[in-house]
Amino acid sequence: MSCYAYMVRCADGSLYTGWTTDLDRRLAAHNAGRGAKYTASRRPVELVYWEAFESRSAAMVREAAIKRLSRPEKLALIAGHPSA
């Protein structure tokens, strides 16, 4: 099973980082207001970055690392990614 660390851009321009086992389902949940408390009031969200991992723990470690980045570093990460 693949796991993913991902970032979405919210309607207000803010970025949210998370992890999931199903990107499509998680994105749909965010846009339905059920994904996370933070994104519920900032819909719609758009998937702007993702990375695949073999394990949940690896995805969670990467999520934590991304969350520690500054906004300019996150934007550079997004700009350099093929999914952007």
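Return a whole-number percent for the relative contact order of the chain, with Cα pairs under 8 Å and 6 or more residues apart as the contact set.
So the answer I get is 34 percent.
Sorted by accessible area (1.4 Å probe), largest first, how do K37, K67 line up?
I get K37, K67, largest accessible area first.
Would you calculate a helix-derived [θ] at 222 nm for the chain, using -39,500 (n - 2.57) for each DSSP H run of n ≥ 4 and dividing by the full residue count, to the nearest 500?
One gets -11500 deg cm²/dmol as the mean residue ellipticity at 222 nm.
Name all residues of segment 1-30 having a backbone nitrogen under 17 Å from the label point set 7 Å from the Cα of M60 along its Cα→Cβ direction, giving them as ranges.
Within reach of a label on M60: 1-6, 17-22.
Taking the solvent-accessible surface of protein heavy atoms with a 1.4 Å probe, what is the per residue accessible area of the chain in Å²?
I get 58 Å² per residue for the chain.
Give me the Å³ per residue figure for the convex hull around the C-alpha atoms of the chain.
85
Roll a 1.4 angstrom probe over the protein heavy atoms and tell me the percent of accessible area of the chain that is carbon or sulfur.
54
The values are calculated or read from the model by the stated rules, or taken from the named source; none is laboratory data. Remember, it's a predicted structure, so these values are computed and weren't measured experimentally. Cβ sites come from the backbone with ideal geometry, for glycine too, and all protein chains shown count toward neighbours. The protein model used for the area step is the full one, side chains on, heavy atoms only, and it has no ligands, DNA or RNA in it. Shrake-Rupley method; radii C 1.70, N 1.55, O 1.52, S 1.80 Å.
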